[in-house]
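Okay, structure first, notes after.
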Amino acid sequence: MVRSVRPMLSTGLMMGIMLAAMPVYAEDPMPAALVSQLEPGYRLGAEDVLLVSVWKDEQLTREVVVRPDGMFSFPLVGDIPAENQTVDDIRGELVKRLTKFIPNPNVSVAVTKVASYKVYVVGRVNKPGEYVMGHYADVLQALSLAGGLTPFAGENDIKVMRRVRGEQQAIPFRYGDIRKGRDLEQNILLQRGDVVMVP
């Protein structure tokens with residue numbers, strides 16, 4: 001089951017999680033009002049959709065999708081690297097390249113659909129599945145989105161599975177220690193594709 005969640009607002013952690021847990025089907029674009037709340041430093045990934053507009057040139061105003069190779073194609077300038085770039089980075093690169101064809105191009109770039117930042121929560125949680133988010137989340141937030149642990153979950157045997165340069169890493173997470181205010185540094189920010197496993 002795939003769930004998209006709203007990005008957290010600045011009204012506090014619990015309110016943010018309550019809003020984020022409200023599902024929106026992943027195949028539908030995230031509503032524009034929610035996309036506008038993306039963190040300013042959000043870094044793009046595959047499947048994210050951008051609206052690129054060049055002022056006074058309708059032929060150069062279009063939606064583009066970041067491909068699995070981290071690039072997208074744009075008229076006149078060819079392939080643009082987007083993986084791990086911000087919207088401002090993309091705009092700057094487009095202006096630089098378009099200047100060869102258009103004097104002083106006025107370019108705007110906006111994210112219209114967030115689809116790349118996916119994390120997975122599996123095992124003994126109340127709502128296991130894939131979550132598509134418009135904000136960076138740590139392990140506790142991901143567990144909250146998944147409805148929390150079930151009564152028989154191994155709270156101190158949780159693992160975050162992460163692929164680094166093609167190799168799987170297992171990062172331990174002891175929920176019981178966090179609950180007692182100990183070893184808080186283990187509540188790491190999740191990366192795209194991370195799997196939180198709750199035995």
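The values are calculated or read from the model by the stated rules, or taken from the named source; none is laboratory data. As the structure is a prediction and not an experimental result, all values here were calculated from the model. All Cβ positions, even for glycine, are placed from backbone atoms using ideal geometry, and neighbour counts span all protein chains on display. Calculation scope for accessible area: heavy atoms of the full protein, side chains included, ligands and nucleic acids excluded. Shrake-Rupley method; radii C 1.70, N 1.55, O 1.52, S 1.80 Å.
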*Could you give the dipole magnitude of region 43-113 about its Cα centre, charging the beta-carbon of Lys and Arg +1 and that of Asp and Glu -1, in debye to the nearest 20?*
220 debye
*Heavy-atom accessible area order for ILE188, ILE90, largest first, 1.4 Å probe*: ILE188, ILE90
*At ILE171 and PHE152, where each label point lies 7 Å from the Cα along Cα→Cβ, what is the point-to-point distance in nanometres?*
3.0 nm
*Ordering MET133, MET197 by how much accessible area each has at a 1.4 Å probe, largest first, what is the list?*
MET197, MET133
*For LYS180, list the aspartates and glutamates whose Cα falls under 20 Å from its own Cα; do not include residues on the same chain fewer than 8 positions away.*
ASP138, GLU155, ASP157
*Extended-chain gain in nm, criterion 0.36 nm per residue less alpha-carbon gap, ASP57 and THR112*: 17.8 nm
*Cut-off under 5 Å, modelled amide H: who pairs with ARG124 long-range*: VAL198
